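Engineer: Starting off with a structure, shown below.
The values are calculated or read from the model by the stated rules, or taken from the named source; none is laboratory data. Keep in mind that what you see is a predicted model, and the values were worked out from it rather than measured. In this analysis, Cβ positions are derived from the backbone assuming ideal geometry, glycine residues included, and neighbour counts consider all displayed protein chains. These area figures cover heavy atoms from the full protein model, side chains too; ligands, DNA and RNA do not enter into them. Shrake-Rupley method; radii C 1.70, N 1.55, O 1.52, S 1.80 Å.
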Amino acid sequence: MGILLKKVRVHGFRGLDNIEVDFEPTIVLVGTNNAGKTTLLKSLQLALSNSLQISDDDFFFSDAVIRNKIVIDLQFISVDDEGNQEPEFEDKWATVLTENRITIDSTGNQILAFRTVIEENIIRKTFTKKQYIIDEWPDFENDHNEFWYEQNFENSLSFYFDEIPFFYLDANRDILEDLKSKTSFLGKILSSINYSDEDKKTIEDLVKDLNKETIERSDVLTSLHSILEELDTAMDNPNNTVDITPFTKKLRDLNKGVKINYSQFSMEYHGMGTRSWSSLLILKAFIMQNMNMADSSQVAYYPIIAIEEPESHLHPNAQKKLYSQINNIVGQKIVATHSSYIAGSAQLNEIRSIIKNTDSTAIGKIEETDLSYEELRKINRQVINTRGELFFSKVIILCEGETEEQALPLLLKKFFNKSTIELGIDIIGIDGGGNYYPFIYFANKLNIKWFILSDGESNIIKKVKKDFKKLSDSVLQVNEIVLPKNIIHFDNEDDFESYLLKNGFLEEIESCLGTLLDTDDLDELIANRNGTSKGRVKTKEICETCNQNIFVNQLRDYDGVEGRTSALNDLLSQNKTKYPSLLAELIYESDKVLPPKLSQLFEEIKAILNPESDD
């Protein structure tokens with residue numbers, strides 16, 4: 001049995017004004033820059049350590065409100081070896097937390113819940129930090145318009161425990177700095193080295209012999225030693241002797257000269273990636289050392305480790321290995337990352353997204369219990385394994401397939417005058433209209449804005465409505481579903497190509513096909529194909545002999561305006577892998593406005609992003 005930091009609430013701290021995050025033994029925080037990942041880690045540092053590095057800028061402010069108080073609530077629970085909540089803390093933890101700090105939650109389970117309040121002393125221009133027992137854990141949201149942080153508690157106590165140490169590893173870690181500092185984790189490890197008196201004498205005698213041998217085998221050092229002995233004469237103190245010690249004489253000084261080499265080279269010669277990773281592993285070794293001492297003494301020990309951007313300076317293959325190494329560190333780990341490899345390696349229930357909206361911050365979480373085994377498999381296979389960058393998207397556009405996936409980036413650039421990378425938009429072709437659900441569930445739960453641009457075929461629209469019904473848990477029948485404005489589809493059975501043909505881009509499509517097919521006379525090509533076989537199609541007529549549907553040969557009919565449109569559509573379909581990027585370039589370079597459905601999609605996205613125009 002052990003304990004687990006289960007819930008954290010933050011109010012009034014930097015960009016976080018009102019959030020609640022529930023934790024697992026390992027949590028991976030994802031989101032765009034400046035969403036609040038580092039702020040959440042810093043809030044834990046304020047609550048769990050003696051640190052009080054606070055300035056006026058750390059208090060939340062917006063156009064509507066300026067906070068004068070920071071409130072951080074933490075809730076610890078008792079768990080078994082499988083991570084399931086237990087009704088009571090085991091004896092060793094009950095002794096550490098003490099009876100007057102342990103309270104009971106609404107379900108009758110013991111919890112440790114406390115509040116950290118930081119305020120400014122206006123007269124002294126300093127900041128005070130107080131902690132209080134939360135004797136009744138309030139609901140985060142309620143029907144009375146009361147906020148959890150407005151509740152007051154009277155019992156003031158300290159909630160700093162040596163048995164629950166907090167470690168913070170920021171993005172600027174460097175083992176070279178660790179080697180220099182006695183207070184670093186490496187410095188603490190080295191300073192804790194102990195030998196018995198007998199071992200100490202043996203090692204120091206060996207070092208003494210090594211120093212003597214080193215000097216005697218060097219003419220330079222022997223000569224230098226002889227000359228330095230003249231110091232005795234100059235100082236008129238013949239009882240003193242001069243020693244040259246290439247290696248430290250006393251065992252207590254060993255840590256001063258410790259060097260760490262990797263691949264036969266000192267750490268000074270390695271890049272920041274190796275040095276940063278090494279620093280993380282030093283922390284892992286330090287915590288393991290403490291855990292071993294706690295186990296041998298049979299005392300409670302549960303470290304909480306906050307790690308900021310562990311992927312810093314590391315190449316992708318190295319990043320793929322990081323999660324397992326971090327996950328194996330003793331204690332509870334909270335990792336803030338921008339790495340799709342680390343996020344993709346975590347379990348779905350370990351991911352927490354932090355999304356900054358206009359006037360609030362949203363915390364996203366995937367509930368595995370909501371999903372079937374097959375749905376979980378699809379999310380892992382179709383979304384995370386191949387599209388890990390979606391964890392960090394501002395907007396996701398889902399579309400039918402390769403055509404839209406290739407064309408939309410350039411059309412977006414025409415509209416916004418910015419690339420999709422600059423805008424934070426990811427475009428995903430899902431290879432068919434029935435495959436949206438894993439993506440929209442993923443995005444919805446993690447509070448990532450999403451859109452669908454769908455073909456207009458009735459069977460496709462029906463599939464889209466089914467996916468949306470499932471997502472929204474609607475009681476309506478599929479045919480009663482009204483799709484929201486973030487799902488845009490073409491009308492009249494149109495697909496992407498036919499929609500462009502009908503909305504002013506005939507000239508661009510003909511030019512595109514002329515280039516692809518290397519012809520100056522597209523009309524002649526179409527005329528030569530008119531009336532030729534398009535393949536066999538199934539009819540409703542049943543054969544009297546075999547009782548099967550009869551297939552007939554379908555001929556191409558390219559006569560008239562509709563026939564020409566059909567011919568161009570057929571030619572595009574036969575060149576699906578070639579034409580999208582070329583056609584998008586022609587549309588991008590034209591002076592024509594984008595078709596209404598595309599403009600509608602981009603206007604909806606603009607309302608969310610509100611990017612600054614370059615015009």
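Engineer: If you check every pair at least six apart or on different chains, which have Cβ atoms under 6 Å apart with a residue in the stretch 602-614 that is among the aromatic types (Phe, Trp, Tyr) first and a residue that is open to solvent by 50 Å² or more (accessible area, probe 1.4 Å) and modelled with pLDDT of 85 or more second?
Structural biologist: Pairs found: Phe602/Phe415.
Engineer: Considering only the stretch 59-92, state which residues are part of a loop (DSSP other than H, G, I, E, B) and not acidic (Asp, Glu).
Structural biologist: Of all residues in the stretch 59-92, those part of a loop (DSSP other than H, G, I, E, B) come to 60, 62-65, 67-68, 80-84, 87-90.
Within the stretch 59-92, Phe60, Ser62, Ala64, Val65, Arg67, Asn68, Gly83, Asn84, Pro87, Phe89 meet the criteria.
Engineer: Looking for something out of contact with any His (no Cβ under 8 Å at 6 or more places or on another chain), at pLDDT below 90, more than 27 Å from Leu190 (Cα to Cα) and among the β-branched types (Val, Ile, Thr) - is there at least one such residue anywhere in the stretch 230-253? Working first, answer last.
Structural biologist: Just the residues of the stretch 230-253 that are out of contact with any His (no Cβ under 8 Å at 6 or more places or on another chain), to begin with: 230-241, 243, 245-253.
Retained after the next criterion (residues that are at pLDDT below 90): 230-241, 243, 245-253.
Narrowing the set further to residues that are more than 27 Å from Leu190 (Cα to Cα) leaves 230-241.
Next, only the ones that are among the β-branched types (Val, Ile, Thr) stay: 233, 241.
Yes, because at least one residue in the stretch 230-253 is out of contact with any His (no Cβ under 8 Å at 6 or more places or on another chain), at pLDDT below 90, more than 27 Å from Leu190 (Cα to Cα) and among the β-branched types (Val, Ile, Thr).
Engineer: Which residues, taken from the stretch 351-361, are open to solvent by less than 20 Å² (accessible area, probe 1.4 Å) and not polar (S, T, N, Q)?
Structural biologist: Within the stretch 351-361, Ile351, Arg352, Ile354 qualify.
Engineer: Related question: Answer yes if at least one residue in the stretch 144-164 is at pLDDT below 90, part of a loop (DSSP other than H, G, I, E, B), loosely packed, with under 12 Cβ neighbours inside 10 Å and in contact with a helix residue (DSSP H, G or I) (Cβ under 8 Å, 6 or more places away or on another chain), and no otherwise.
Structural biologist: no
Engineer: List the pairs whose first member sits in the stretch 400-414 and is part of a loop (DSSP other than H, G, I, E, B), whose second member is buried (at least 20 other Cβ atoms within 10 Å of the Cβ) and of a type in the set (S, T, N, Q), and whose Cβ atoms are under 9 Å apart, counting only residues at least 6 apart or on separate chains?
Structural biologist: Hits for this filter: Glu400/Ser454.
Engineer: If I ask for residues that are open to solvent by 40 Å² or more (accessible area, probe 1.4 Å) and acidic (Asp, Glu), which ones from the stretch 60-79 would you list?
Structural biologist: Asp63
Engineer: Based on what the data block shows, is Phe147 in contact (Cβ under 8 Å) with a residue 12 or more places away in the chain, touching a Phe, Trp or Tyr at 6+ places or on another chain (Cβ under 7 Å) and over 30 Å from Gln298 (Cβ atoms)? So that I can check it myself, show each step before the final result.
Structural biologist: Numbers: in contact (Cβ under 8 Å) with a residue 12 or more places away in the chain: yes; touching a Phe, Trp or Tyr at 6+ places or on another chain (Cβ under 7 Å): no; over 30 Å from Gln298 (Cβ atoms): yes.
Taking the combined requirement at face value, the residue does not satisfy it.
Residue by residue, here is whether (1) more than 22 Å from Glu400 (Cβ to Cβ); (2) open to solvent by 100 Å² or more (accessible area, probe 1.4 Å); (3) hydrophobic (A, V, I, L, M, F, W, C); (4) free of Cβ contacts under 8 Å to residues at least 40 places away in the same chain holds:
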position	(1), (2), (3), (4)
Thr532	yes, no, no, yes
Asn547	yes, yes, no, yes
Leu555	yes, yes, yes, yes
Gly560	yes, no, no, yes
Ser566	no, no, no, yes
Ser581	no, no, no, no
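Engineer: Ile133 - would you say it is open to solvent by less than 50 Å² (accessible area, probe 1.4 Å), more than 18 Å from Ile19 (Cβ to Cβ) and over 31 Å from the mean Cα position of the chain (by Cα)? Explain how you work it out, then say what you get.
Structural biologist: Details: open to solvent by less than 50 Å² (accessible area, probe 1.4 Å): yes; more than 18 Å from Ile19 (Cβ to Cβ): yes; over 31 Å from the mean Cα position of the chain (by Cα): yes.
Yes, satisfied.
Engineer: Keeping to the stretch 324-337, report how many residues are touching a strand residue (DSSP E or B) at 6+ places or on another chain (Cβ under 8 Å) and either of a type outside the set (A, V, I, L, M, F, W, C) or modelled with pLDDT of 95 or more (or both).
Structural biologist: Narrowing the stretch 324-337 to residues touching a strand residue (DSSP E or B) at 6+ places or on another chain (Cβ under 8 Å): 326-327, 329, 331-337.
Right, trim to either of a type outside the set (A, V, I, L, M, F, W, C) or modelled with pLDDT of 95 or more (or both) and you get 327, 331-337.
So the answer is 8.
Engineer: Same structure again: Given the structure, is Ser266 buried (at least 20 other Cβ atoms within 10 Å of the Cβ) and out of contact with any helix residue (DSSP H, G or I) (no Cβ under 7 Å at 6 or more places or on another chain)?
Structural biologist: Working: buried (at least 20 other Cβ atoms within 10 Å of the Cβ): no; out of contact with any helix residue (DSSP H, G or I) (no Cβ under 7 Å at 6 or more places or on another chain): yes.
No: the conditions fail for Ser266.
Engineer: Asp523: touching a residue at least 24 places away in the same chain (Cβ under 8 Å), among the acidic types (Asp, Glu) and surrounded by 11 or more Cβ atoms within 10 Å (Cβ to Cβ), yes or no?
Structural biologist: It is false that Asp523 is touching a residue at least 24 places away in the same chain (Cβ under 8 Å), among the acidic types (Asp, Glu) and surrounded by 11 or more Cβ atoms within 10 Å (Cβ to Cβ).
Engineer: So the check is Cβ under 8 Å with 6+ separation or different chains; which pairs have a first residue in the stretch 150-177 that's among the small types (Gly, Ala, Ser) and a second one that's loosely packed, with under 14 Cβ neighbours inside 10 Å?
Structural biologist: Listed by first residue and then by second, the contacts come to Ser156/Lys130.
Engineer: Does Ile189 satisfy being among the aliphatic types (A, V, I, L, M), open to solvent by less than 40 Å² (accessible area, probe 1.4 Å) and at pLDDT 85 or above? Break it down stepwise before answering.
Structural biologist: Numbers: among the aliphatic types (A, V, I, L, M): yes; open to solvent by less than 40 Å² (accessible area, probe 1.4 Å): yes; at pLDDT 85 or above: no.
Taking the combined requirement at face value, the residue does not satisfy it.
Engineer: Considering only residues that are assigned to a helix (DSSP H, G or I), surrounded by fewer than 22 Cβ atoms within 10 Å (Cβ to Cβ) and of a type outside the set (Ser, Thr, Tyr), which ones fall in the stretch 441-463?
Structural biologist: Asn444, Lys445, Asn459, Ile460, Ile461, Lys462, Lys463
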